[in-house]
Amino acid sequence: MAATVTWDVLRDLAAFRAAKGCAISLYLDLDPSESPTPEAVDTRVNALLDGVSRWESASKSELTHEQRQGMRADLDRLRAFFDDEFSREGSHGYAVFCDGVDGAWHTLALSERVPDRSLVDFEFYLAPLVPLVGRDDGVVVGFVGRERGDLYRLRAGRLEEIVEQHDEAPGRHDQGGWSQSRYQRHIEKVVQDHLRDVAELLARQVRRLRGARVVLVVSEETRAELEEELSHEVRNALIGWTSADAHAGAPELYEAVEPLVEKWRAEQESELAERWQEAAGRNGRAAAGWPQTLEAASDGRVDVLLYEDGVDRHAWRCPKCGRLSAEAGSCPLDGAEMEENEHGLDLAVHRTLANGGTVSALSTRHDLEPVEGIGALLRY
């Protein structure tokens, strides 16, 4: 099953730096339109591993004996993994990060596709994972009726049930007069208690999953009653309301909920872009363009790194301290000659994550186009 990519996962990977070996990053596209059969997947895997092998052969003169031996052992382990352990079930992409000499091995089944790529460096290549962070994580879906209260968590492109509560309301009394009226009041009391219980379950989930958002799937007649029972924290976490067939299963609920979640994500992206525009416009806490952003990332000043999907360029990195620059030259801190790297975005991502910042890939806004597609909101 596909995993949810979180900031904690990315920060753990970003903290790794090869000491004796080489860091291998491998990304595999498993979209059925590109890899419909096991044979097609095997072909893609072999091409990726051949790329690592070619890099090792071309870099022989620059590698130590331990690094060469380590890479060969890592290639053997990768081949064995894809032959014997790998499963594509529920995944549209896959990533593997390894450096056996330094004891690193991480696999990630992904809910969305990633481009095929294999890279070798002394840090893992993480930029393709940034757009996947929290894509489904942290959203609680409540499917609530007068007799049911099913809670789900959106994870890796599917709904996973958290808790299920059925409080069956008694049927309408078949006698008339006062007895029927009293029995109806009893029914309404049972329904009210049930909705109050569901509201409390929602509140507990929002507290447990700090920062969780909520989508509620209810009928019009139930919405007003449930809304009265919601706590302040659940109201603040609410993305929106929608409806579904009373007998809908998880796949149907996902179809009903997904447009609301996508709309919320677009609103979050717009809010970030507008904050950056305002700060950059008054020369406030914002970086604009590659030179300013790489410098701020090196200094640990980036709170949120912003970039447009697909942007990248060459940058330079100090081999001793890791400082970044948009131009070649000597490191201003230790005088070492900066080394060119074709994946400048990934370098900025690493420095940002290592210093506790977050990263946002802008897919619907183009505010960063005038500054080569990259910028940042700064701490100071």
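The values are calculated or read from the model by the stated rules, or taken from the named source; none is laboratory data. A quick note: this is a predicted structure, and the numbers were derived from the prediction, not measured. Here Cβ is always computed from backbone atoms with ideal geometry, including for glycine, and neighbour counts include all displayed protein chains.
Is it fair to say I239 is in contact (Cβ under 8 Å) with a residue 60 or more places away in the chain and either surrounded by 15 or more Cβ atoms within 10 Å (Cβ to Cβ) or closer than 30 Å to W7 by Cα (or both)?
Answer is yes for this residue.
Looking for whichever is among the acidic types (D, E), more than 21 Å from L126 (Cα to Cα) and either outside any loop (DSSP other than H, G, I, E, B) or within 27 Å of the chain's Cα centre (by Cα) (or both) here; the options are E39, E56. Which one fits?
On the way: E56 fails: more than 21 Å from L126 (Cα to Cα).
It is E39.
Return the residues of segment 87-109 that are under 18 Å from E39 (Cα atoms) and either outside the structural domain of E66 (by TED's automatic domain parsing) or buried (at least 20 other Cβ atoms within 10 Å of the Cβ) (or both); say none if nothing qualifies.
S91, H92, G93, Y94
Please find, within segment 110-129, the residue that is modelled with the highest pLDDT out of those that are surrounded by fewer than 22 Cβ atoms within 10 Å (Cβ to Cβ) and over 30 Å from R68 (Cβ atoms).
Filtering first and then ranking leaves R113.
For the structure I just gave you, tell me whether V45 is closer than 15 Å to D29 by Cβ and either modelled with pLDDT of 95 or more or β-branched (V, I, T) (or both).
So V45 fits the description; yes.
From the residues in segment 268-315 that are polar (S, T, N, Q) and assigned to a helix (DSSP H, G or I), which one is surrounded by the most Cβ atoms within 10 Å (Cβ to Cβ)? Talk me through it step by step, then tell me what you get.
Residues of segment 268-315 that are polar (S, T, N, Q), as a first pass: 268, 270, 277, 283, 292-293, 298.
This time we only want the ones that are assigned to a helix (DSSP H, G or I), so: 268, 270, 277, 292-293, 298.
Details: Q268: 12, S270: 14, Q277: 16, Q292: 18, T293: 32, S298: 23.
Taking the candidates together, the pick is T293.
Which residue pairs have Cβ atoms under 8 Å apart, sit 6 or more places apart or on different chains, and have a first residue in segment 48-65 that is in the same structural domain as V101 (by TED's automatic domain parsing) and without any contact (Cβ under 8 Å) to a residue 24 or more places away in the chain and a second that is surrounded by 12 or more Cβ atoms within 10 Å (Cβ to Cβ) and assigned to a helix (DSSP H, G or I)?
Pairs that qualify, where the first residue is in the same structural domain as V101 (by TED's automatic domain parsing) and without any contact (Cβ under 8 Å) to a residue 24 or more places away in the chain and the partner is surrounded by 12 or more Cβ atoms within 10 Å (Cβ to Cβ) and assigned to a helix (DSSP H, G or I), are S53/L75; K60/R68.
Taking the residues in segment 11-44 that are among the small types (G, A, S) and more than 22 Å from H106 (Cα to Cα) as candidates, determine which candidate is surrounded by the fewest Cβ atoms within 10 Å (Cβ to Cβ). Talk me through it step by step, then tell me what you get.
Residues of segment 11-44 among the small types (G, A, S): 14-15, 18-19, 21, 23, 25, 33, 35, 40.
Narrowing the set further to residues that are more than 22 Å from H106 (Cα to Cα) leaves 33, 35, 40.
Working: S33: 7, S35: 22, A40: 13.
My answer is S33.
Among the residues of segment 60-76, are any of a type outside the set (D, E, K, R), over 25 Å from K20 (Cβ atoms) and in a helix (DSSP H, G or I)? Please lay out each step first, then the result.
Looking only at segment 60-76, we keep the residues that are of a type outside the set (D, E, K, R), and these are 61, 63-65, 67, 69-71, 73, 75.
So of that shortlist, the ones also over 25 Å from K20 (Cβ atoms) come out as none.
Looking through segment 60-76, none of the residues is of a type outside the set (D, E, K, R), over 25 Å from K20 (Cβ atoms) and in a helix (DSSP H, G or I).
So which of G357, G375, G322 is crowded, with 18+ Cβ neighbours inside 10 Å, of a type outside the set (D, E, K, R) and either within 22 Å of E123 (Cβ to Cβ) or in the same structural domain as F122 (by TED's automatic domain parsing) (or both)? If you could, list the steps in order and put the result at the bottom.
Values: G375 fails: either within 22 Å of E123 (Cβ to Cβ) or in the same structural domain as F122 (by TED's automatic domain parsing) (or both); G322 fails: crowded, with 18+ Cβ neighbours inside 10 Å.
When all the criteria are applied, what remains is G357.
Identify the single condition in (1) in a helix (DSSP H, G or I); (2) touching a Leu at 6+ places or on another chain (Cβ under 8 Å); (3) closer than 12 Å to V140 by Cα; (4) not charged (D, E, K, R) that V206 does not satisfy, given that it satisfies every other one.
Only one criterion is unmet by V206, namely (2).
Identify the single condition in (1) assigned to a helix (DSSP H, G or I); (2) at pLDDT 95 or above; (3) not basic (K, R) that E258 does not satisfy, given that it satisfies every other one.
Going through the list (1) assigned to a helix (DSSP H, G or I); (2) at pLDDT 95 or above; (3) not basic (K, R), E258 breaks only (2).
Can you pull out the residues in segment 249-291 that are among the polar types (S, T, N, Q), free of Cβ contacts under 8 Å to residues at least 60 places away in the same chain and touching a strand residue (DSSP E or B) at 6+ places or on another chain (Cβ under 9 Å)?
Step one: list which residues in segment 249-291 are among the polar types (S, T, N, Q), which gives 268, 270, 277, 283.
Among the residues that remain, those that are also free of Cβ contacts under 8 Å to residues at least 60 places away in the same chain are: 268, 283.
Matches in segment 249-291: Q268 only.
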